[in-house]
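Note sheet for the following structure.
The values are calculated or read from the model by the stated rules, or taken from the named source; none is laboratory data. Predicted, not measured: the structure shown is a model, and the values here were computed from it. Positions of Cβ are generated from backbone atoms using ideal geometry, with glycine treated the same way; all protein chains shown enter the neighbour counts. SASA here: full protein model, heavy atoms, side chains in, ligands and nucleic acids out. Shrake-Rupley method; radii C 1.70, N 1.55, O 1.52, S 1.80 Å.
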Amino acid sequence: MRYDLDDLRLFTHVAAEGSITGGARVMHLSLPSASARVRALEAQAGVPLLVRERRGVRLTPAGATLARHAREVLAETTRLDSAVASYAVSRSAPIRLVAGGSAMHQLVPAALATFLRDHPEYDVNVSERRTIRSVRLLAAGEADLGVILDDEPTQLRTEPLADDSLVVIGQAGGILSGRTSIAYAEVAEHPLVGLVPNSPLSQWMDDRLGPHAPAPRYRTVVPTLHALITLATAGAGLAIVPRRAVDASTAVEICPLQDSWSTRRHLLCYAANAPEPAYLLATYLHAAATR
């Protein structure tokens, strides 16, 4: 039997998501198209692969076997593609992407993982920069595409990407429990954990708080959002982080800030002479932002 790789990829996503709808969403397929592909796969296999239930699907023994082997085949195919692509010469200069620390936490890696897999002909140079610096690089033609915050004026083309508002997080069941919002002045009264002073988020907050803001007590400062969220979740102190940086499965209290500066959005910003591949990469950033 000959199996279509896209059909196998769809089936592994259906197995992982527990529904054909979920698999279709990951593959960017319509539900009718995905359902037809799964039925065709079952017809080719000659045995039922899924048990349809009210709230999704579960694998039959044959389906579980197919899913396991499909994952192995797809992994081997990816290795094959990478091995061959490594000999290819890129047809264009690398795409130059600039983004702040918040976007670099999840958004940019998620988009790049898919983009680089789907387009081995393109390379991407990524730099972490504050919005003000990113806009200057884009305006000077020294970057092609940027993920910036919406509070920096620019004449360059921009488009909305995702919410990046800041929230306070703390240990589950702790002092934030039951709170619907909190002001920064009150947050600063509690022990905090934060990012190192030269991080884009720390510098951005310092610019908006000004010299007369309450001086917080930081129990420690760390270089990454991942480390910061881990510490706050463990009860080391409260932390101010972008809401979308906190995974939905994390057992942590999340409380919006009352301060107006905490509401912010990510924008995509294009250089005036951005190459066509930068616009292609932008579609993957949009897709990652909606996950």
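Going by the conditions given, is residue 141 part of a loop (DSSP other than H, G, I, E, B) and either touching a helix residue (DSSP H, G or I) at 6+ places or on another chain (Cβ under 8 Å) or assigned by the TED database to the domain that holds residue 271 (or both)?
Values: part of a loop (DSSP other than H, G, I, E, B): yes; either touching a helix residue (DSSP H, G or I) at 6+ places or on another chain (Cβ under 8 Å) or assigned by the TED database to the domain that holds residue 271 (or both): yes.
Yes, satisfied.
Among (1) surrounded by fewer than 19 Cβ atoms within 10 Å (Cβ to Cβ); (2) more than 16 Å from residue 13 (Cα to Cα), where does residue 124 come up short?
(1)
The rows are residues; the columns are (1) over 18 Å from residue 289 (Cα atoms); (2) modelled with pLDDT under 95.
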| site | (1), (2) |
| --- | --- |
| 154 | yes, yes |
| 164 | no, yes |
| 169 | yes, no |
| 173 | yes, yes |
| 178 | yes, yes |
| 185 | yes, yes |
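If you scan the range 242-260, which residues turn out to be in contact (Cβ under 8 Å) with a residue 24 or more places away in the chain, out of contact with any strand residue (DSSP E or B) (no Cβ under 8 Å at 6 or more places or on another chain) and surrounded by 14 or more Cβ atoms within 10 Å (Cβ to Cβ)?
245, 259
Just to be sure I understand, how many residues within the range 207-241 are within 21 Å of residue 175 (Cβ to Cβ), touching a residue at least 12 places away in the same chain (Cβ under 8 Å) and not hydrophobic (A, V, I, L, M, F, W, C)?
Matching residues across the range 207-241 total 9.
Hey, could you check the range 127-144 for residues that are more than 21 Å from the chain's Cα centre (by Cα) and farther than 14 Å from residue 93 by Cα and say which is surrounded by the most Cβ atoms within 10 Å (Cβ to Cβ)?
My answer is 138.
Return the total of residues in the range 207-228 being part of a helix (DSSP H, G or I) and at pLDDT below 90.
Just the residues of the range 207-228 that are part of a helix (DSSP H, G or I), to begin with: 207-209, 225-228.
Add one more test, that the residue is at pLDDT below 90, and what stays is 207-209.
Total satisfying the criteria: 3.
Return the residues of the range 7-23 that are closer than 16 Å to residue 114 by Cβ and open to solvent by less than 70 Å² (accessible area, probe 1.4 Å); say none if nothing qualifies. Write out each step before concluding.
Restricting attention to the range 7-23, the residues satisfying the condition of being closer than 16 Å to residue 114 by Cβ are 9-10, 12-13, 16, 23.
Scanning the range 7-23 gives 9, 10, 12, 13, 23.
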